[in-house]
Amino acid sequence: MMRAVLTVPPLWRSIQRASFCRTAMRLEGGVSMVQGSSRGIGLEFVRQLLEEKEKGQVVATCRDPNGATGLLELKKKHNERLDVLRLDVTDESTIQASANSIAERYGSLNLLINASGVLSLPDILQPETTLRKVEKSSLMFAYEVNAAGPILVIKHMWPLLKVGGSTGSERNFAVVANLSARVGSIGDNGLGGWHSYRASKTALNQLTKTISVEFARRKDPIVCILLHPGTVDTDLSKPFQRNVLESKLFTREFSVQKLLGIIESAKISDNGKFFAWDGQQIPW
Ligand SMILES: NC(=O)c1ccc[n+]([C@@H]2O[C@H](COP(=O)([O-])OP(=O)(O)OC[C@H]3O[C@@H](n4cnc5c(N)ncnc54)[C@H](OP(=O)(O)O)[C@@H]3O)[C@@H](O)[C@H]2O)c1
């Protein structure tokens, strides 16, 4: 089988070298899926998987493919390597339909990134500043989108998650990366507030950890990790950026470069771990 030769841009190379000293694992080919990729961090993952790598297929999923202008732009440039599918994490039939499409088209998936998430939504989810503002509907909504959603995506993609893949990859295990948040850490919670979002990410962490234990017992190795991207300049963080130091507000490009570095250098022993953008482990 021909091995893909990757021309790595200097910035990408230096980030890989400087940040992590784990066993290198390169995403030269294979099939990667980015769930929640209409905008923000998810869209940037799709862009970097297409534009920083020479090979590999990318499946980008979002709720409204026709309205996802960033993905449509990328599709124009990378028609052969990019598939855009409709997936809403609150509608399991769309998750199943995406799994069926991927099975039909590629037969396997080597990397799954769950990037969807919601912190605030007018009249539905307010980031609470006090217990007095906590509503059952907000708690449930955040749980449905941020915790249950990504887990159902893994459930349906699981039969497809395999080493290698039709386009060839050097990895000897599949990777699942769930975008969590440091505020989901109970040990790190010194500020309080954001009850619904915080608790939904804590639930995502526990569910991911539980899945990682099950994956570790299976014959086909799958490494399942949780990632905190830092505070990143996206729609999600916009309303809360006022008190963030400029040096602590990351661009999407920077954060995703770091996160892809963690994914690429992941080891079997990283299964079930929760990493910040800089590769440091975050306490539960
Ligand atoms: N930005 C930060 O500072 C920060 C910090 C810590 C953690 N995170 C986490 O990083 C991830 C990405 O955040 P972001 O900053 O990129 O947010 P964003 O710009 O607001 O994007 C959120 C994405 O989630 C999608 N989404 C929302 N509800 C969905 C659903 N029901 N089904 C499928 N997709 C859905 C959105 O799609 P639509 O366009 O259809 O709404 C959008 O693509 C999230 O999990 C977030 O919690 C972000």
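Quick notes
- The order of the peptides 98-104, 125-131 by mean Cβ neighbours within 10 Å, most packed first, is 98-104, 125-131.
- Packing rank of 182-191, 109-118, 268-277, where each peptide gets the mean count of other beta carbons within 10 Å, highest leading: 109-118, 268-277, 182-191
- Accessible surface computed residue by residue for the range 26-276, with neighbouring protein chains in place and a 1.4 Å probe, gives 45 Å² per residue.
- Close amide H contacts of Leu112 (hydrogens built in the peptide plane, cut-off under 5 Å, sequence separation of 5 or more or a different chain): Met33, Val175, Val176, Ala177.
- Antiparallel %, DSSP beta bridges [both residues in the range 26-276], to 5: 5
- Two-decimal log10 I(q)/I(0) for the chain, as the Debye equation yields it once each C-alpha is a single scatterer, q = 0.08, 0.10, 0.16 Å⁻¹: -0.30, -0.48, -1.34
- Helix-only [θ]222 nm of the chain, DSSP H runs n ≥ 4, -39500 (n - 2.57) each, per residue, nearest 500: -10500 deg cm²/dmol
- Scaled radius of gyration (Cα, divided by 2.2 N^0.38 Å) that the range 24-126 gives: 1.07
- Flagged links, alpha-carbon separation over 22 Å, of Lys75/Lys248; Lys162/Lys209; Lys209/Lys238; Lys53/Lys238: Lys75/Lys248; Lys209/Lys238; Lys53/Lys238
- Stokes-Einstein translational diffusion, the range 220-284 - Kirkwood Rh over all Cα pairs, 0.692 mPa s, 37 °C, in µm²/s: 255
- For the range 175-284, the fraction of 1.4 Å probe accessible surface lying on carbon and sulfur atoms is 52 percent.
The values are calculated or read from the model by the stated rules, or taken from the named source; none is laboratory data. Computed from a predicted structure; not experimentally measured. All Cβ positions, even for glycine, are placed from backbone atoms using ideal geometry, and neighbour counts span all protein chains on display. Surface areas here come from the heavy atoms of the whole protein model, side chains and all, with no ligands, DNA or RNA. Shrake-Rupley method; radii C 1.70, N 1.55, O 1.52, S 1.80 Å.
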